[in-house]
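Since the structure comes first, as structure tokens, the remarks are kept for the end.
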Amino acid sequence: MSESNTGGSDGKATFTRRRFIIGTVGVSAVAALGGTVVRAPRAVASGPPSGPPTTTLPLPTTTEPEQLLLTWGSDPAREVTVSWSAPGTVAQPAPTLAFSTRPITAHNPGWLIKLPDPKPLDVTQRYGEAASVSFADGLNGQTTYFYHVQLTALEPGTRYYYQVSDGAAAPSTAGASFETAPHGRAKFRFSSYGDLATPSWDLNTSGNIWHESCDNSWFAVTAIENPGDGKGAPLFHLLNGDLCYANLDVDNAPGVWRDFGNNVARSSAHRPWMPALGNHECEFGVDTMSGHPGSAAGGVAAQAAAGNYWNGPYGFGHYLSRFLLPDNGVTNWDGNRLRGNFYTFQVGTVKFISLDADDIIYQDGAANYVINTANTGPETTTTGAEIPNGTTTYIRFYTGGLQLDAKEDSLVPDYASGQPNLQTIWLEGTLAQARRDPSVDMIVVFMHQCAMSTSVPGNGSDLGIRQAWLPLFDKYEVDLVLSGHEHDYERTYPVRGYDAGEHGTVAAPNPGQVKGAAVDTRRPSVVTTEPQAFNGTPAWNTGEGTVYLVLGGGGTNGPTNTYGTDTADDKPQAKVITTRNAVVGTEATGFSKNGADSVEDAPWSAAINPTDAYGYSIFDVDPGQRPGETTITFQYFAIPAVTNEAGSAHDGTTTLPTQPTEKFVFGRRVGRP
Ligand SMILES: [Fe+2]
Ligand SMILES: [Fe+2]
């Protein structure tokens, strides 16, 4: 299928092509073929709640293990971390993990690991092989418990069985099995999406509906266990941020995380789920930004006014308690170890890098309490914590500063300040090492926010990513960059460098900007709009340019799959955030926050999906015969919205398509003899 409908007569690429719109053809084809109808078990509650609870609901006091979660260690061929949780606010009496290459039975008890007593999350410390972590939510006071065992020295490409126990007098157990990554050059499959949220009331453990709850979140997990092409579940999944939106339910964040944990456990008990931090992992609480208890006089009610409005380190306390991810070895300027904030691992010939773009984006607003009404009181939670109107969590440069390199129109670590951006330094070191390593053919970066998006109701493209990290993605020839944040699908052409002569236009000025003025957006340069062919499938040479995929269709109830077009010339148009859209106002007037400030023509936008906001991606990696020959075959499967997605309960059923809406090959030898 051709990517374009108008070609350059001279054989050169032109940028006058209409974007390839996916969805319509795919969906009708699916209807003709008949998909698998997945019917969900109904019924915890007797009927849909009217909306998210506004008081803190109790959590269970039982200790049966649940929310099983596997993640890779630094070497996925040999290291897997097994994590699980207690259902509520009571620690497990004597938790254990048993594992074996054969099923755990009375006759095969496996290797037994006993976990230590729980300690509150403390990211200044190293974690041992086994760790029990507690976290007290700053806004509702509930303490929840997370258990981690880092298995090492496993055999590559081997199935392991495991069973966890709460160690009670009459123990409760849960378990499953997983496969370690293959050693060396091998084929494997992975999957990805972001913005998962929680299922609606009928499919949640709790029976509640939370902010962003939607049953599409349930079907997105179902799909990972049984992808539409019938070729089996992936080895692992990449979860591109905005995991469950717990920061929107200020009275019940632990309860939201629990429903998320149980939903994903339907897959994450069987294969690693590797997350990236998104804006919604940043939560309000009563700690300092570094995660230490706030000490302002006046107790919890006074903390936010004193700036102590963080739920654990940088607001990521729940995330960092729940996931024990590969260690990047980086210690932040405040003494916190940044393990899990960003990390890398390699499977086969592909290097994967998870980044926290919250560190470098301009856009403001992870957790927000911004009400544009005069004399609005603080948001008050059930423990008495108060968030004053006009408060947002903004963590740009939390690992150190960046400064302008005018020659490259880029932002580089600010060594002169004495506190350069540690994540960007780590990123460059990691990329350089990967490109020196003969065992690495392709590099896949995943993170939450977007360098390029033409979504209209979504957030838009962030210049911060373009300035700080695109120069590195170009220099080290990153092959694919996966994101979420926009609740939709979009694919770019391969891009490299930027269109130095181009500019965007200020459309919704932030303070200091003038409407209609030209603005630098560092617009990425399209390498080609004409795909190659690889065994009959359209293919892009990612050695020539990086392809960016927006994969934010995990299942939130806020789809954003309406895409911008410049009405003057019918070409794609994108919103761009070029300056911080900081909160403005006073308590007396109320507070407001701007969205994206500018727009640009977006010739980089290659494919959009106005039909389906939801979907999942399947990537099949083939290392080829010789070094450098790795290809990744990408399939995007849409998931139609559930039958009652527009209703207040966001529930219902859907049909999982058996045909992808897009199929492409990415590789560095594509199109070369
Ligand atoms: Fe999101
Ligand atoms: Fe987001």
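Just a few scattered comments:
- The calculated FRET efficiency for the pair Lys475 and Asp327, based on their C-beta separation and a Förster distance of 25 Å, comes to about 0.50.
- Highest average packing first - 331-339, 144-152, Cβ atoms within 10 Å: 144-152, 331-339
- The value of relative contact order for the chain, using C-alpha pairs under 8 Å at least six residues apart, is 17 percent.
- Inter-part distance where region 382-451 and region 67-133 are each reduced to a Cα centre, Å: 30
- Three-way shape label, region 76-129, alpha-carbon gyration tensor, a/c 1.5: oblate
- Per-residue ellipticity at 222 nm, computed for the chain from helices alone with -39500 (n - 2.57) per DSSP H run of at least four residues, works out to -3000 deg cm²/dmol.
- Local electrostatic count, Leu338, Cβ distance below 15 Å [Lys/Arg +1, Asp/Glu -1]: -4
- About the Cα centre, charge dipole magnitude for the chain (Lys/Arg +1, Asp/Glu -1 at Cβ), debye: 1440
- Judged by the ratio a/c of the largest to the smallest principal axis of the C-alpha gyration tensor, region 257-347 counts as oblate, that ratio being 1.5 or greater while a/b is no larger than b/c.
- Total lysine pairs under 22 Å (Cα atoms) in the chain, excluding pairs fewer than 8 apart on one chain: 12
- Which of Leu151, Phe135, Pro103, positive extreme of dipole for region 98-182 (C-beta unit charges): Pro103
- Shape of region 134-188, Cα gyration tensor, a/c cut at 1.5: oblate
- Nitroxide proxy distance, nm - points 7 Å out along Cα→Cβ at Thr586 and Thr55: 3.8
- Contour minus Cα-Cα distance for Ile21 and Asn372 (0.36 nm per residue): 122.6 nm
- Of all DSSP beta bridges confined to region 412-542, the antiparallel ones make up roughly 70%.
- Selection from Val584, Ile618, Ala574 lying farthest towards where the dipole of the chain points positive, charges on Cβ: Ile618
- Share antiparallel - DSSP beta bridges, region 122-267, percent rounded to 5: 80
- With R₀ set to 51 Å, the beta-carbon distance separating Asp409 from Val90 gives a calculated FRET efficiency near 0.40.
- Over the chain, the ratio between the Cα radius of gyration and 2.2 N^0.38 Å evaluates to 0.92.
- Beta bridges per DSSP, both residues in the chain: antiparallel share near 75 percent.
Every number in this text was worked out from the coordinates using simple rules, so none of it is lab data. This one's a predicted model, so the numbers in the text were calculated from it and none came from an experiment. FYI the Cβ positions are ideal-geometry reconstructions off the backbone, even for glycines, and counts take in every protein chain you see.
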